[in-house]
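Below: one structure, written as structure tokens.
Every number in this text was worked out from the coordinates using simple rules, so none of it is lab data. Everything numeric in this text was worked out from a predicted model, so none of it was measured. We place every Cβ from the backbone using ideal geometry, glycine too, and count neighbours over all the protein chains shown.
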Amino acid sequence: MYAFSGDPITFGHIDIIKRTALCFDEVIVGIGSNPDKQYMFTLEERTEMAKRSLRRIANVRVQSFDGLLVDYAYEQGVSAIVKGVRDVTDFGYENVLHQVGESQKLGIDTFVLFAKPELAHVSSGVVKAIQKEHGLIHEYVTLYVKQCLELKTSHQFILGVTGEIGVGKSYFSDLMVSTARTMGMECHNIDIDRIGHQILEELTEPRYQQVRDSLVDRFGKKIGLPTGMVNRKALGQIVFADRQDLQDLNRIMLNPILVRLKRELVGKRGIVILNGALLAESGMLPLCNNNIILINCRKKVQEARLKKRGLSSSQIARRVRSQYSFEQKKRIIEGLIESEMNGKLWTVDSTKQIPTRTISDIVSHASSLLGQG
């Protein structure tokens, strides 16, 4: 048996449980409650998070319990209690608990597994503290747990909107904001492309000047301006002609965009839309926990919309080729939903008028989750 409070379960816990499952035929993961401790999540929520995070380990079962751990383990026929230890403090604490268990004379021993060095800093408390500041936690917990923390701590349901250039992502996002507010839901549209534009053309902090200098080093002096900013048009002519150049741009811009995005998230409650063309390509899907609205439209309509922006046929062709297609994006999103066991994909055709019923259904889905959070 491996027992913990799971408030919430982290990859540190999951690693200990996986290693335990390799050594024993059956492992009970017990979610307990300490009457002297205050929890963020209810016992039912903590148990559900553990079940979802561990459901692919065949010889593990999760259940909640109360009372003394050794009493419960005895009733379940458990012969060994496994403890994960990160440091000397943990070791001393678990040693005391072992001695307490021994005093009950039930014949149950304690096995100690030491945390892997790369996970030794991971704890439920650290994860909750990072989330309160809108930090990145997808390398600490599963996406389902991350989503639960966002709902509980920040009162946010984060939803990605993506698709090829010119398919109507911004129009859809604005329509969703107005529809949600009509339904009594707070809804915010964060345009990731706009954040990128600010970094290239507006922000004066030293780090962003370093980013612009890196872009000039990579793509040439012709993209630089005397003000220290970047000529977006000149940069676009380069990166939209070559997919590798676009990937290099995304790599350089990723961390600056993430830092600014965290600031954008502060204080926003309800539905938060992350609107960006390259969510799938740039590895940003964990930000919205694989909850994605993928927009599509007929090629002729897409081309007509882009021509209204002043793009020539050759420019349109280059830009479309530089990005993943609708089908490529869809395969990436579906693959991540399957592998990470979290997320939902909605596909929307914007060729004609977008049905308000579609948006209402999405808002209702988000509203139900926010109500639970």
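For semi-axes √(5λ) of the Cα gyration tensor in Å, the value computed from the atomic coordinates appears in the list (1) 41, 22, 20; (2) 35, 27, 17; (3) 47, 23, 18 under label (3). Can you compute the label reach from Gln247? Point 7 Å from Cα along the Cβ direction, backbone N cut-off under 18 Å, restricted to the range 268-308. From the range 268-308, the list is 278-285.
Can you tell me the length gained on complete extension of the stretch Ser325 to Leu258, counting 0.36 nm per residue apart and subtracting the Cα distance?
On the way: separation 67, 0.36 × 67 = 24.12 nm, distance 2.40 nm.
So the extension gain works out to 21.7 nm.
Candidates Asn95, Tyr72, Met1 compared by Cα position along the dipole of the range 1-148: farthest toward the positive end lies Met1, with charges placed on Cβ.
As an exercise, use a Förster radius of 35 Å and the Cβ-Cβ distance of Glu303 and His155 to find the FRET efficiency, rounded to the nearest 0.05. Don't skip to the answer; put the middle values down first.
Numbers: r = 41 Å, r/R0 = 1.17.
Efficiency computed from Cβ-Cβ geometry: 0.30.
Using the charge dipole of the chain (Lys, Arg: +1 at Cβ; Asp, Glu: -1 at Cβ; taken about the Cα centre), state which of Ile252, Pro286, Ser322 has its Cα farthest towards the positive end. Of the listed residues, the answer is Ser322.
Where nothing but the Cβ of Lys and Arg (+1) and of Asp and Glu (-1) is charged, how large is the charge dipole of the range 2-127 around its Cα centre, in debye to the nearest 20? Show your work: numbers first, answer last.
Details: 13 positive and 17 negative charges, 90 e Å.
Charge dipole, the range 2-127, about its Cα centre: 440 debye, nearest 20.
Between Arg357 and Leu68, full extension at 0.36 nm per residue minus the direct alpha carbon distance yields a gain of 98.9 nm. Decide, for the range 2-127, between rounded, prolate and oblate: order the square roots of the alpha carbon gyration tensor eigenvalues as a ≥ b ≥ c, take rounded if a/c falls under 1.5, and otherwise choose prolate if a/b is larger than b/c, else oblate. In terms of gyration-tensor shape, rounded.
Would you mind getting me the FRET efficiency between Asp174 and Arg55? Use the beta-carbon distance for r and R0 = 35 Å, nearest 0.05.
Working: r = 38 Å, r/R0 = 1.09.
It comes to 0.40.
Magnitude of the charge dipole for the range 225-357, about its Cα centre and with charges confined to Cβ atoms of Lys, Arg (+1) and Asp, Glu (-1), is about 700 debye. Against the longest principal axis of the chain, how steep is helix 299-308, in degrees 0 to 90 to the nearest 10, with axes from Cα atoms? Taking Cα atoms only, the helix is inclined about 60 degrees.
Would you mind checking the tilt of helix 192-201 against the longest principal axis of the Cα atoms of the chain, expressed as 0 to 90 degrees and rounded to 10? That helix lies at roughly 60 degrees to the long axis. If only the Cβ of Lys and Arg carry +1 and only the Cβ of Asp and Glu carry -1, the dipole of the chain around its Cα centre is close to 2220 debye.
Among Gln323, Gln38, Gln198, the largest mean-square fluctuation in a Gaussian network model of the chain (Cα springs under 10 Å) belongs to Gln38. As a check on your grasp of the helix formula, calculate [θ] at 222 nm for the chain: sum -39500 (n - 2.57) over DSSP H runs of n ≥ 4, divide by the residue count, round to the nearest 500. Mean residue ellipticity at 222 nm (helix-derived): -15500 deg cm²/dmol. What does the C-alpha gyration tensor say about the overall shape of the range 109-174? Classify as rounded when a/c is under 1.5, otherwise prolate if a/b is larger than b/c, or oblate. Prolate, because a/c is 1.5 or more and a/b exceeds b/c.
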